[in-house]
Amino acid sequence: MDGVVTHHLRAETRRDLAAWARAIVQGCHAAAHSLREYTVRCTWQGKACQLVVNHEEGFALYAAGTRGTAGNGVSPASPPTPLWRRSFDKLKMSADDGARLLWLDFGGEDGEIELDLESCPKPIVFVLHNFLSAKIHRLGLSA
């Protein structure tokens, strides 16, 4: 099975529907807060990598096998240096092909970054949307 499983729910009243929607959003925000970051394997410019989406810091891309290994940064005890790092506020657009590719556009000289996730991008897109929604909610910017 590919992608995300969907279910159809029914509410008897608008108030019930609002309560369900509120519970789902609050649950997603709580999950984003407790998860803190999400890591997925990918290929970028022909290199095996790991994309890390952190609910506070945004995006970081590491060469595969370097993250979580002491001594591969600048000094023997330092953490690894990411290939690139971008904050959420730099993200201008994201898109996917529904099969395996994810595009992140941070504007500027980088242009659009293409990541081959080697599987369906829907889970990472769902996590990304929830991290952004939770961050906006925490900052009090909800509409």
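The values are calculated or read from the model by the stated rules, or taken from the named source; none is laboratory data. Quick caveat: nothing in here was measured; it's all calculated off a predicted structure. Note: ideal-geometry Cβ built from the backbone for every residue, glycine included; neighbour counts use all protein chains shown.
Please find, within the stretch 101-115, the residue that is modelled with the lowest pLDDT out of those that are farther than 23 Å from LEU35 by Cα and surrounded by 17 or more Cβ atoms within 10 Å (Cβ to Cβ).
PHE106
Please work out which residue is modelled with the lowest pLDDT, limiting yourself to the stretch 1-26 and to residues that are under 23 Å from ILE124 (Cβ atoms) and part of a loop (DSSP other than H, G, I, E, B).
Going through the qualifying residues, I end up with MET1.
Quick check on the stretch 65-78. Is at least one of its residues crowded, with 16+ Cβ neighbours inside 10 Å, at pLDDT 95 or above and either in a loop (DSSP other than H, G, I, E, B) or not small (Gly, Ala, Ser) (or both)?
So far as the stretch 65-78 goes, no, none of its residues is crowded, with 16+ Cβ neighbours inside 10 Å, at pLDDT 95 or above and either in a loop (DSSP other than H, G, I, E, B) or not small (Gly, Ala, Ser) (or both).
For the stretch 87-139, enumerate the residues that are out of contact with any strand residue (DSSP E or B) (no Cβ under 6 Å at 6 or more places or on another chain) and among the polar types (S, T, N, Q).
SER119, ASN130, SER133
How about the stretch 82-100: which of its residues are of a type in the set (Asp, Glu), modelled with pLDDT of 95 or more and either outside any loop (DSSP other than H, G, I, E, B) or under 19 Å from HIS55 (Cβ atoms) (or both)?
Within the stretch 82-100, ASP96 is the sole residue that qualifies.
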